[in-house]
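Step one of this worksheet: look at the structure below.
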Amino acid sequence: QVQLVESGGGLVQAGGSLRLSCAASGRIFSPNVMGWYRQVPGNQRDVVATITSGGSTNLADSVKGRFTISRDNAKNTVYLQMNSLKPDDTAVYYCKHVSAYGITYWGQGTQVTVSS
């Protein structure tokens, strides 16, 4: 079992920055993949960025050049640095962990609101 605790969401003006953190605890093995997804009410949950335990990253086209994903394996924590935020980035952001055995875990979500 893996538990995920997200933090760092909030309200920010357009053009501002936020950093999300997701701390994983429990039975964590490598290799694994962690990532950030976001969801607007009524829409599907979309991938924002992912990072493997080896450090390989992928970002959605809509956030490339603005968002950066990183992780600290010693702390089992993944970060999402969000710069140049836009109102369209407003969503609930969820942390995801896919274990070495292919089991998926989700965090509880953190709200990000970008005002225009």
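Against the definition (of a type in the set (A, V, I, L, M), in contact (Cβ under 8 Å) with a residue 12 or more places away in the chain and in contact with a Leu (Cβ under 9 Å, 6 or more places away or on another chain)), how does Leu20 come out, yes or no? In short, yes. For the range 56-109, a residue qualifies if it is surrounded by 15 or more Cβ atoms within 10 Å (Cβ to Cβ), in contact with an Asp or Glu (Cβ under 9 Å, 6 or more places away or on another chain) and not in a loop (DSSP other than H, G, I, E, B), and the qualifying residues are Val63, Phe67, Val78, Tyr79, Met82, Ala91, Tyr93, Tyr94, Cys95. Does Leu20 qualify as being at negative phi, out of contact with any Ser or Thr (no Cβ under 6 Å at 6 or more places or on another chain) and at pLDDT 95 or above? Taking the combined requirement at face value, the residue satisfies it. Quick check on the range 42-55. Is at least one of its residues among the aliphatic types (A, V, I, L, M) and part of a loop (DSSP other than H, G, I, E, B)? Among the residues of the range 42-55, not one is among the aliphatic types (A, V, I, L, M) and part of a loop (DSSP other than H, G, I, E, B), which makes the answer no. Among the conditions (1) more than 25 Å from Val12 (Cβ to Cβ); (2) within 10 Å of the chain's Cα centre (by Cα), the only one that Asn73 does not satisfy is (2).
The values are calculated or read from the model by the stated rules, or taken from the named source; none is laboratory data. Note that the coordinates shown come from a computational prediction; the quantities given were computed from them, not determined experimentally. Note that each Cβ is placed from the backbone with ideal geometry, even for glycine, and that neighbours are counted across all protein chains shown.
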